[in-house]
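> Starting off with a structure, shown below.
The values are calculated or read from the model by the stated rules, or taken from the named source; none is laboratory data. This one's a predicted model, so the numbers in the text were calculated from it and none came from an experiment. Backbone-built Cβ (ideal geometry, glycine too); neighbour counts: all protein chains shown.
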Amino acid sequence: MQKILTRHFNQSDSHRLDFYLRDKGYEGARKALTQMTPAQVIDEIKKSNLRGLGGAGFATGTKWSFIPQSNPKPKYLVINADEGEPGTFKDKYILEQDPHALLEGIIVTCFAIGSHKAYVYIRGEYLKSIERVHGAIEEAKQKGFLGKGIMGTSFDLEIIVHQGAGAYICGEETALLESLEGKKGFPRLKPPFPAVVGLFGCPTVINNVETVSCVPPIILNGAEWYAKLGCERNGGNRIFCVSGHVKKPGIYELPLGTMLREIIYEHAGGIRDGHQLKAVVPGGISASILTANEIDVKMDFDSLKAVGSMAGSGGIIVMDETTCMVWAAMIAARFFAHESCGQCSPCREGSGWVYRNVKRIYHGEGRKHDVANLPGIVGNIGGNTICAFGDAVTMSVGSYVQKFRSEFEYHVSQGKCDLLLNLQESAR
């Protein structure tokens, strides 16, 4: 299987420009700037079936084409490197080990949409990532790949790194724009969409790190080559982050459409010795959980949507039979309650209500109607908020209650968790 995004990982000085140039570094950008028009670049990305790998899975080339070139205002590219989704850590590796792949992708993207300034919004905790990207920008400037007259052409580009403050909601694209403008990270009502009214009121494209890092190989090798790597309507590879109760947790670059069972049992080594698979979160904590009987599914955006979950950020969290699903739901609910920005009352009040309800059940203090009330509570959050954060609460916590309801009811009727008691007993 051909590696694209991770081909330089775990090699000495892979973050340096000299290393990157030894493997056709910046040749994709040079081809775009000297041999192609912006329209041709966008068309190539459309034909590649590259989709947004940050969560939504929207067609990348189509997203770029929404930028109105007749608008006289400046155009901006914003890179979403906030990566706050629990279970997800792929962008961190790209930023630290191959930052020039991102910078080259930024050059091509900006050329395609007519932008001369790009912002990289990196979550505040990613200190090494921030350092590496700053270093890569300076190297690229010295080589003439950034600044005025890039690569001897008339195209100018400036890249600015912005350090976030660690708010999960700023991973939502319009909340990110608000934060980047120096305001509180509250999501915006849409429409208008960022492609028309984005950063500083100007047309803006927002893509995540992994998506933009795929762009140079597509330009260099062709859209048909990239599309064939994946499956129908889902071109290329993506990095899957596997954590939890597997023998070999880590990141795995695989074609979109790879079976979830294969990722768990072949690439990640299977479930830890002596244990059995119980449940899997396939796309970061916001995705609906899957049972052990639901893992024969392709890991692409369309297939996971068809089974009621989502590919999301590619964060695969594996749980074996020792996991109490009420506890897992409580951890997810606690995260959502803490990270809600508070702008929308259904989410602000509802996420806290869900957490308190599940917490009460987990600690053996649940009432008979608590389990029955949970689907209604989470159901009244999703679809009633400005952004998709409320939908995440509904999908995530709601799926635990739906698929493992008997465990919730047991906690209420027995006032205890046998799994927790068994773990405490085995630890003695």
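> Just checking, does the stretch 362-379 include any residue being more than 21 Å from the chain's Cα centre (by Cα), at pLDDT below 95 and either among the aromatic types (Phe, Trp, Tyr) or under 30 Å from Arg233 (Cα atoms) (or both)?
Yes, there is a match, as at least one residue in the stretch 362-379 is more than 21 Å from the chain's Cα centre (by Cα), at pLDDT below 95 and either among the aromatic types (Phe, Trp, Tyr) or under 30 Å from Arg233 (Cα atoms) (or both).
> Suppose we filter Ala311, Ala333, Ala306 for residues that are more than 21 Å from Arg188 (Cβ to Cβ), touching a residue at least 24 places away in the same chain (Cβ under 8 Å) and either in the same structural domain as Pro282 (by TED's automatic domain parsing) or among the β-branched types (Val, Ile, Thr) (or both); which single one remains?
Numbers: Ala333 fails: either in the same structural domain as Pro282 (by TED's automatic domain parsing) or among the β-branched types (Val, Ile, Thr) (or both); Ala306 fails: touching a residue at least 24 places away in the same chain (Cβ under 8 Å).
So the residue among Ala311, Ala333, Ala306 that is more than 21 Å from Arg188 (Cβ to Cβ), touching a residue at least 24 places away in the same chain (Cβ under 8 Å) and either in the same structural domain as Pro282 (by TED's automatic domain parsing) or among the β-branched types (Val, Ile, Thr) (or both) is Ala311.
> Which ones in the stretch 107-128 are over 18 Å from the mean Cα position of the chain (by Cα) and part of a loop (DSSP other than H, G, I, E, B)?
Gly114, Ser115, His116
> Take the residues in the stretch 395-428 that are outside any helix (DSSP H, G or I) and either in contact with a strand residue (DSSP E or B) (Cβ under 9 Å, 6 or more places away or on another chain) or on the phi < 0 side of the Ramachandran plot (or both); name whichever of them is modelled with the lowest pLDDT. Outline the logic, then answer.
Step one: of the stretch 395-428, the residues outside any helix (DSSP H, G or I) are 404, 415-417, 428.
In the following step, the residues that additionally are either in contact with a strand residue (DSSP E or B) (Cβ under 9 Å, 6 or more places away or on another chain) or on the phi < 0 side of the Ramachandran plot (or both) were identified as 404, 416-417, 428.
Details: Phe404: 95, Lys416: 78, Cys417: 80, Arg428: 41.
For the stretch 395-428, the residue satisfying everything is Arg428.
> Of the residues Glu131, Glu104, Glu139, which is farther than 18 Å from Leu5 by Cβ, part of a helix (DSSP H, G or I) and in contact (Cβ under 8 Å) with a residue 24 or more places away in the chain?
Answer to the check: Glu139.
> Continuing with the same structure: Between Glu173, Glu139, which is out of contact with any strand residue (DSSP E or B) (no Cβ under 8 Å at 6 or more places or on another chain) and not aliphatic (A, V, I, L, M)? Talk me through it step by step, then tell me what you get.
Numbers: Glu173 fails: out of contact with any strand residue (DSSP E or B) (no Cβ under 8 Å at 6 or more places or on another chain).
Just a single option satisfies the conditions, and that option is Glu139.
> With respect to Lys63, determine if the residue is in a loop (DSSP other than H, G, I, E, B) and among the basic types (Lys, Arg).
Working: in a loop (DSSP other than H, G, I, E, B): no; among the basic types (Lys, Arg): yes.
The answer is no for Lys63.
> Here is a further query. Restricting to the stretch 153-176, and then to whatever is touching a residue at least 40 places away in the same chain (Cβ under 8 Å) and more than 30 Å from Ser286 (Cα to Cα), can you tell me which residue is surrounded by the fewest Cβ atoms within 10 Å (Cβ to Cβ)?
Looking only at the stretch 153-176, we keep the residues that are touching a residue at least 40 places away in the same chain (Cβ under 8 Å), and these are 153, 155-176.
In the following step, the residues that additionally are more than 30 Å from Ser286 (Cα to Cα) were identified as 153, 155-159.
Numbers: Thr153: 11, Phe155: 18, Asp156: 13, Leu157: 22, Glu158: 15, Ile159: 23.
It comes out as Thr153.
> Ok, one more. Tally time: how many residues in the stretch 287-331 are outside any loop (DSSP other than H, G, I, E, B), of a type outside the set (D, E, K, R) and closer than 27 Å to Gly257 by Cβ?
Initial filter on the stretch 287-331 (outside any loop (DSSP other than H, G, I, E, B)): 290-294, 298, 301-306, 315-320, 325-331.
With of a type outside the set (D, E, K, R) added as a condition, the list becomes 290-293, 301, 303-304, 306, 315-319, 325-331.
Checking which are closer than 27 Å to Gly257 by Cβ leaves us with 290-293, 301, 303-304, 306, 315-319.
So the answer is 13.
> Within the group Gly105, Gly54, Gly61, which residue is crowded, with 20+ Cβ neighbours inside 10 Å and modelled with pLDDT under 95?
Checking each option against the conditions leaves just Gly54.
> Okay, moving on. What residue, of Ile42, Ile4, is outside the structural domain of Asp391 (by TED's automatic domain parsing), under 25 Å from Gly312 (Cα atoms), in contact with a strand residue (DSSP E or B) (Cβ under 7 Å, 6 or more places away or on another chain) and aliphatic (A, V, I, L, M)? Working first, answer last.
On the way: Ile42 fails: in contact with a strand residue (DSSP E or B) (Cβ under 7 Å, 6 or more places away or on another chain).
Step by step, each of Ile42, Ile4 is checked, and only Ile4 is outside the structural domain of Asp391 (by TED's automatic domain parsing), under 25 Å from Gly312 (Cα atoms), in contact with a strand residue (DSSP E or B) (Cβ under 7 Å, 6 or more places away or on another chain) and aliphatic (A, V, I, L, M).
> Which one is farthest from Trp327 (Cα to Cα) among residues in the stretch 273-302 that are surrounded by 16 or more Cβ atoms within 10 Å (Cβ to Cβ) and in contact with a His (Cβ under 9 Å, 6 or more places away or on another chain)?
Going through the qualifying residues, I end up with Leu277.
> Hey, another quick one. Take the residues in the stretch 8-42 that are in contact (Cβ under 8 Å) with a residue 60 or more places away in the chain and charged (D, E, K, R), then tell me which one is surrounded by the fewest Cβ atoms within 10 Å (Cβ to Cβ).
Out of the qualifying residues, it is Lys24.
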